[in-house]
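Quick note: the coordinates plus some simple rules give every number you see, no bench work behind them. If you're wondering where the values come from, they're calculated on a predicted model, not measured in any experiment. Note that each Cβ is placed from the backbone with ideal geometry, even for glycine, and that neighbours are counted across all protein chains shown.
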Amino acid sequence: MSACRLEELGLVTALGSSARANLERLIAGDQSRFGVTRDHVSGVERPFGAVHEPLPEISSRLARYDCRNNRLALAAVSQIRDAIEAEIERSGAQRIALVIGSSTAGVQAAERAFEVRREHGALPDCFDLVQLEFGGPAEFLREELGIEGPCLGLSTACSTGAKALLSARRLLELGICDAVVAGAVDSQCRLTANGFEELQALAPTLTNPMSRNRAGLTLGEGAALFLLTRDPGGVQLLGGGESSDAHHISAPEPSGSGAIRCLRAALADAGLEPSDIDYVNLHGTGTLQNDAMESRAIASVFGLDTPCSSTKPLVGHLLGASGAVEAGFCWLLASAPFQLPLPPHRFDGERDPELEPISLVRAGQVATRRDGSRLCTTSFGFGGSNCALVIGAGAA
Amino acid sequence: MISFHVRGSAAWSPGLETAEQWAKWAHEPRALEREGRPELLFVPPLMRRRCDQLSRMMLWAAHACCPAELLPEVNAVFASRHGAFGTMVGMLEELAGQRTLSPAAFSHSVHNTQAGLFSIWARNPRVSSSVAAGAATFGHGLLEALGILHAEPDRPVLYVCGDEAIPEPVRGICDHDQGAFALALLLTTHGEGAPLDFALDTSSDARPLAYPDALEFLRWLRLDGEELRLGPPRAGFRFRRAPTPSPSAGTPDSC
């Protein structure tokens with residue numbers, strides 16, 4: 001499929017509430033931003049990549065959508081609002097679409113409402129069922145921005161954010177719109193904290209991907225929203241690949257075959273060879289199974305020399321939002337002037353000898369830029385849902 | 001405007017399974033039932049046991065709609081406004097009661113559970129997507145399916161849309177409890193007969209339809225309607241049968 005331009009990026013993570021703050025701390029490998037969250041049921045405390053800055057309030061007109069998830073989305077979209085409004089001016093509100101991913105939607109608001117129901121026998125009046133709809137964040141942004149084109153919520157677990165960008169590209173390709181606001185948002189909630197706790201997937205201390213001591217993932221929250229157009233130049237979504245493991249509902253296929261298929265599909269779609277890729281942002285969750293499977297897939301597709309890192313030790317695992325946020329990190333790196341700085345792979349340095357010895361980025365490492373950098377990011381989700389994106393400088 | 005063919009269709013709702021039952025329903029529609037789930041005997045028992053009502057209805061419709069040889073080959077799109085709503089509400093009740101979640105329930109609560117179960121059951125390694133879009137879920141899921149079809153025109157797309165009945169604890173605050181159903185459509189770029197045209201419908205007049213959009217679409221298919229408009233005002237969809245290029249004149253209508 002044709003490439004499309006990733007015009008603008010609004011980004012909110014534990015690293016900061018602007019694209020610039022994210023880039024600086026990303027390159028520095030800043031791990032100081034984590035807080036702590038306590039599982040509501042077991043009382044166990046875990047590190048958590050919470051967004052620090054206060055979030056914008058949702059206008060009273062849209063009170064039914066008010067929840068932390070939509071406030072995170074609003075914080076991200078506010079950063080690119082001028083560009084969206086210019087696009088509405090240029091093409092008309094009916095020619096702009098939304099594809100917004102989320103795996104939590106407003107479930108945090110629903111948790112509070114169900115607690116009230118348990119105490120008082122009824123759901124509170126302020127609770128709206130839209131909070132439990134996976135299409136809710138897209139609907140909120142449509143109302144907030146005055147967009148009148150297609151408005152799609154997408155949710156495929158941890159591949160959501162990456163797939164939302166490919167869905168947006170397909171809408172542009174269909175010609176049904178001229179620009180798309182696309183990305184994903186996810187927020188802290190008891191449901192995911194307890195669910196992953198019960199799956200014994202959470203690390204007691206900060207996630208430690210690719211280490212022999214790795215003990216699971218660390219959760220985080222945030223949002224990344226792009227404005228996509230068919231325009232040439234700038235940083236482009238050069239290609240994408242998707243596949244299904246057809247293996248297990250919550251565990252990846254151990255040989256990495258599903259991951260390999262989506263990576264090869266992404267490269268073929270972009271018309272690139274593995275050696276054309278300057279950096280791979282790993283899914284790198286720090287679970288035993290993911291890292292074993294993913295290091296195999298990376299070694300099989302790229303060999304052992306392509307620089308790779310997981311940025312989850314900097315922001316946490318943002319679940320559905322992670323694919324969009326990590327595409328956002330690639331976008332920031334591709335937009336940076338001069339040499340391409342790479343985000344270091346932060347872990348305890350004790351590589352697991354059982355894993356393929358892929359090239360993990362060291363602090364201060366810089367990629368040798370060729371005619372324009374090309375980066376890849378991987379996402380693998382429950383249900384065996386896999387997605388890889390290729391992002392890089394487009395032809396002017 | 002986007003053209004496509006519907007090569008096959010199948011639907012399930014409590015008491016409505018066979019083509020004959022749906023043909024009768026198309027002529028004399030009635031409100032859908034809330035309870036009940038298909039047997040799903042073609043799914044291995046261990047997986048069947050994990051399937052909630054939505055997964056059962058969607059897998060049943062997918063199995064009935066898609067020829068066996070295409071099951072591992074198609075790209076697939078699943079659309080549901082609320083997903084496995086009963087499972088989700090059950091988990092919220094557990095958390096409110098300070099009880100831990102069942103790992104199996106949690107693993108099966110993601111919105112792409114049905115897409116995942118489909119790929120595992122059908123041994124299908126291809127592209128899949130899971131969509132939700134409020135009152136306009138059916139049309140937007142179809143749009144996603146058409147995007148995927150357009151990107152790979154020679155590969156059919158299996159599109160499955162459905163919802164459970166709204167679970168009791170939230171029924172009182174819900175304005176769209178339409179009963180339980182799932183519809184599967186096998187979409188292709190080429191096929192026999194006139195293609196269908198899909199377009200956005202931004203007109204502001206309301207489209208007061210009594211049944212879920214997915215089943216209004218099925219009725220329209222079965223009743224050979226000319227035009228169908230679905231979805232909320234200003235954000236709807238319009239379907240038309242494209243004129244057949246060279247109609248065979250004088251063919252007697254056998255019905």
Going by C-beta contacts inside 10 Å, put B:His27, A:His248, A:His283, B:His5 in order with the fewest on the left. B:His27, A:His248, B:His5, A:His283
Over the alpha-carbon set of the stretch A:237-394, divide Rg by the Kirkwood Rh and report the Rg/Rh ratio to two decimals. 0.93
What's the angle, to the nearest 10 degrees (0 to 90), between helix B:137-151's Cα axis and the longest principal axis of chain B? 70
For chain B, the longest principal axis of the Cα atoms and the Cα long axis of helix B:85-96 enclose an angle in degrees, to the nearest 10, of 20
Counting only DSSP beta bridges with both residues in chain A, tell me the antiparallel percent, nearest 5. 65
Among GluC sites (Glu not before Pro) in the stretch B:123-209, those in a DSSP loop whose Cβ has at most 11 other Cβ atoms within 10 Å are B:Glu192
Rounded to the nearest Å, the spacing of the alpha-carbon centers of the stretch A:120-153 and the stretch A:311-380 is 33
Going by C-beta contacts inside 10 Å, put B:His63, A:His345 in order with the fewest on the left. B:His63, A:His345
Check: C-alpha center the stretch A:196-219 vs C-alpha center the stretch B:79-100, spacing in Å is 25
For the stretch A:4-229, what's the radius of gyration and Dmax over Cα atoms, in angstrom? 18.1, 54
I'd like the mean, over residues of A:377-384, of how many other protein chain beta carbons sit within 10 Å of each residue's own Cβ. 4
Toy charge model, Lys and Arg Cβ at +1, Asp and Glu Cβ at -1: chain B dipole around Cα centroid in debye, rounded to 20, equals 400
With a cut-off of at most 16 other beta carbons within 10 Å, and DSSP calling the residue loop, which trypsin sites (Lys or Arg not before Pro) in the stretch A:222-271 qualify? Please list them. A:Arg230
Alpha carbons only, please: Rg and Dmax for the stretch B:18-80, in angstrom. 13.6, 39
Work out which GluC sites (Glu not before Pro) in chain A are exposed loop sites (DSSP not H, G, I, E or B, at most 14 other Cβ within 10 Å) and give the longest gap free of them. A:58-349
Give me a single rounded figure for A:240-248: the average over its residues of other chain Cβ atoms within 10 Å of their Cβ. 6
Averaging over all projection directions, find the projected area of the Cα convex hull of the protein assembly as shown and quote it in nm² with one decimal place. 27.6
Chain A, helix-only ellipticity at 222 nm - DSSP H runs n ≥ 4, -39,500 (n - 2.57), divided by all residues, nearest 500: -10000 deg cm²/dmol
Residue order, fewest to most beta carbons within 10 Å, for A:Asp352, B:Asp154, B:Asp213: B:Asp154, A:Asp352, B:Asp213
Which percentage, to the nearest 5, of the DSSP beta bridges contained in the stretch B:2-241 is antiparallel? 75
Return the single residue from A:Cys189, A:Cys126, A:Cys151 with maximal mean-square fluctuation; model: Gaussian network over chain A, springs between Cα atoms under 10 Å. A:Cys126
What does the charge dipole of the stretch A:237-394 about its Cα centre add up to, to the nearest 20 debye, if the Cβ of each Lys and Arg holds +1 and the Cβ of each Asp and Glu holds -1? 340
Using a 10 angstrom cutoff on alpha carbons, build the Gaussian network for chain A and name the most mobile of A:Gln188, A:Gln365, A:Gln131. A:Gln365
Hey, in the GNM for chain A with a 10 angstrom Cα cutoff, which one of A:Ile249, A:Ile27, A:Ile84 fluctuates hardest? A:Ile249
